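Worksheet: one structure, shown below.
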Amino acid sequence: MIDEAQLYSLRVSDKTVWRFIAVTCADGRQGLGEFTLDAAPDGLEAWVAEVGESLLGHEATPGCLHDLLPLPCGDLARAAVYSAYDQALCDLAAQAREQSLAALLGARNPASSVPLYANVNRRTRDRSPEGFALSAAEAAAQGFAAVKIAPFDGLDPKSCATPAGQRAIDAGLERVAAVAERLKGAAGLMVDCHWRFSAEAAEALIGPLSSLGVSWLECPQEESVEAVDALRRVRNLANDAGMRLAGCETMIGWEGFRPFVEGGAYDVVMPDVKYAGGLAAIVEIAARASAAGVGVSLHNPSGPVAHLHSLHVSAALESALPLELQFDESPLFNSITRPACRFEGGRALLPDGRGLGAALDTARMDQPATKPRTAAAGRN
């Protein structure tokens, strides 16, 4: 029975606050989830407490949250909280069954490790071409087979056709060129655009990126049902130039992914354990996408708890595509869980033990954002 739900937070950089949820059962078992967001809107902590209190006194099963509350499909921040609670409940359920989380999710013979690619965006505080190149080189030296950068700072779709927008595009291409020169084929080069381009500018981007050896283009323009045809055109151009087109990192539930999968918008979709609506939802999304010939690579740019959940899901999916890792944003990534996250030659090692296989070092957290609630307190 669920006895307590607690939110912890920890600022790890000027950009990032990791946010964790811990759900504790009366027998002492604790399940963990994460909903790290770029910005937490006002009132989100109240929603965290509301969801937690709705679970008090219930059995910790993967489906109990879905029985109590509908998935908030129209609200990304609330969907992140919902997904974090689902993560924690899946962790608890796997512990109760004395199996790993990957096994709970259907892995028949989980691999002992999962291949990774390095997202170096947040660790690259020097945004010059040389700063990007140095970050990429350090990731490649640690064995990552591919490196992803987000080079188009200061650009948005409305400015693409302006002189200022063209300067931002040129600056971004200079960063890509510097990384390509430094890597020289030692690792694949991936570019994330964070929806900064107009449809016309996205199409024009394909040639320059292809000439620099980019193999993966992510989220070039807005993602909406109305944009699917435009995205499919960009995908066709990218494929002709030897690139994959990837996206859908903020979609919620299969219905959020369906138009893009069925419309042929992407070669690869990127469900995120923070947003997709639960770990079982990701398994469903992956199965439906794979049946349509679309690859799946989890979006995973957050903290260590989200990473460990993504690792177990990736092992369960048995995907040939590598998993994203937020590379070297903070040394806390490798020390805030017990045992620490483990890596070897550009791969992440699955933790041993039941459930997620790790506990959170709560003594090192900032002040908890919500006071502990117990089942007894919730009934008063």
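The values are calculated or read from the model by the stated rules, or taken from the named source; none is laboratory data. The structure presented is a predicted model; accordingly, all values stated were derived computationally and were not measured. As a convention, Cβ positions derive from the backbone with ideal geometry for all residues, glycine included, and neighbour counts pool all protein chains shown.
What to note about this one:
- Considering the range 60-91, and only residues there that are under 12 Å from residue 253 (Cβ atoms) and of a type in the set (Gly, Ala, Ser), the residue that is surrounded by the most Cβ atoms within 10 Å (Cβ to Cβ) turns out to be 83.
- Entry remark, the range 19-36: residues being without any contact (Cβ under 8 Å) to a residue 60 or more places away in the chain and either more than 27 Å from residue 357 (Cα to Cα) or part of a loop (DSSP other than H, G, I, E, B) (or both) number 2 in total.
- Counting only residues that are farther than 22 Å from residue 269 by Cβ, assigned to a loop (DSSP other than H, G, I, E, B) and touching a residue at least 40 places away in the same chain (Cβ under 8 Å), the range 162-194 holds 2 of them.
- Looking only at residues in the range 195-229 that are surrounded by 18 or more Cβ atoms within 10 Å (Cβ to Cβ) and touching a residue at least 60 places away in the same chain (Cβ under 8 Å), the one that is farthest from residue 174 (Cα to Cα) is 221.
- The condition (being closer than 23 Å to residue 88 by Cα, in contact with a Leu (Cβ under 6 Å, 6 or more places away or on another chain) and either of a type in the set (D, E, K, R) or assigned by TED's automatic domain parsing to the domain that holds residue 116 (or both)) is satisfied by just one residue among 308, 317, 332: 308.
- Considering the range 230-271, and only residues there that are touching a residue at least 60 places away in the same chain (Cβ under 8 Å) and outside any helix (DSSP H, G or I), the residue that is nearest to residue 189 (Cα to Cα) turns out to be 250.
- Residues that are at pLDDT 95 or above and among the aliphatic types (A, V, I, L, M) number at least 2 in the following strands (runs of 3 or more DSSP E) confined to the range 275-356: 323-326, 347-349.
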